[in-house]
Amino acid sequence: MFRFRKAILGLALLGLTGAAFAQASIKITGIGRNATPKEIAAWDIDVRPDFKGLPVGSGTVDKGQEIWEAKCAQCHGFFGESGEVFNPLIGGIQPNDMITGHVANLTNPNFPGRTTFMKVATISTVWDFINRAMPWNAPKTLKTDEVYSVLDFMLNIAGIVPENFILNEKTMRDVQARMPNRNGMTSNHALWPGREFGGAAKPDTQNVACMSNCTPEPKVASLLPDFARNAHGNLAEQNRMVGAQHGADTSRPEHQAGDKQAAPSTPQPAVEKPVSSADASKPDAKKAVSLLQKNGCLVCHGLNNKIVGPAYTDVAQKYVGQVDYLAAKIKSGGVGIWGSIPMPPQTLNAAETRIIAVWLAAGAGK
């Protein structure tokens, strides 16, 4: 664990100090290699409260509404009201909040919840989150102008900007001046309920950096044995391929300090064998379940039990033999047939989609 922490710390320092530092001749024995400028650029996408890192671009409310209805509304509702799974994003702020910079409903014990713009103090935080994490099934796929547009639409339905407002790297500062909770950020508070509701007044943590007689650095006393590293499959193959952070290759023994290090291997996305027309009509349970695992479908659907969505055996029983229908539903997503919790559109290719659809239409057997 400590070695992992040191590795993360090393990467963070490289990111903070930029490409020039990455090319310096600093050698850290046993921890990878220096990051290249291109690798640092891939990590360095944060947008700070002073708007440093904000890319040039612009968006409109109308464009944002188009994107929202296509990619966001299934989870967050057409007006940010959300559904059963997610908390509402919009609501709870009043015109006077944008004048004072304090949201009155945050101290109203009768108000039922806290929405995004009630809580967030800096608009750059919302831009950054959308840019790096949304939509959840395909993060980092929105272009810069699309991020501006989605955020512009959210600000409009929240009543913070008018419908003709153009959001860009310059007008973000105007929005910041109207953020309802811009003056509400605190660092000296307790967990809910806080002192505003008569709850705990003592901060949960208030750390002060130790400067003398500090606790010695911990040392690793034991490691996960090699036979257990791959007990649940190769982590490198289970992480999403989006982004620069991948799991360790647990199919190999962990590298020990001082060992002769083999050339690093880059996890590659699994390449699916093209499905021939002869095979396309035959259910392949092993391949179908593998695709469900690879694409995170089993997080919401159990093979034989309902989780968030219905069990695959229930879907199979309802749509016996309907391969084309099932393939279309997998690609388009939907809501209403199995309840009010939406299933977002999936990004599988046509061959992968058909493998799952054929398996379902044949009964979802093992």
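Any read-out appearing in this document is the output of simple, stated calculations on the displayed coordinates, not a laboratory observation. Predicted model only: the values in this text are computed from it and were never measured. Neighbour counts are summed over all protein chains in view; Cβ atoms, including those assigned to glycine, are modelled from backbone coordinates with ideal geometry.
A few remarks follow.
- Under-5 Å amide H pairs with Thr250, H placed in peptide plane, nonlocal only: Leu235, Ala236
- Other residues lying with their Cβ under 13 Å from the Cβ of Gly92 contribute a combined charge of 0, Lys and Arg counting +1, Asp and Glu -1.
- Measuring nothing but how far apart in sequence close Cα pairs (under 8 Å, 6+ apart) lie, relative to its length, the range 60-203 scores a relative contact order of 30 percent.
- The shape of the range 16-170 comes out prolate: with a ≥ b ≥ c from the C-alpha gyration tensor, a/c is at least 1.5 and a/b beats b/c.
- Proximity of backbone amide H atoms, modeled 1.01 Å from N, is registered between Lys306 and Ala311 at under 5 Å, excluding neighbours fewer than 5 places apart on the same chain.
- Size of charge dipole - the range 69-216 - debye, nearest 20, with Cβ of Lys, Arg +1 and Asp, Glu -1, no other charges: 420
- Karplus-derived 3J(HN,Hα), 6.51/-1.76/1.60, for each residue of the range 102-110, Hz, glycine and proline x: 10, 8, 4, 5, 5, 10, 9, x, 8
- Amide hydrogen proximity for Gly334: with H placed 1.01 Å from N in the peptide plane, the residues at 5 or more positions away or on another chain lying under 5 Å are Met343.
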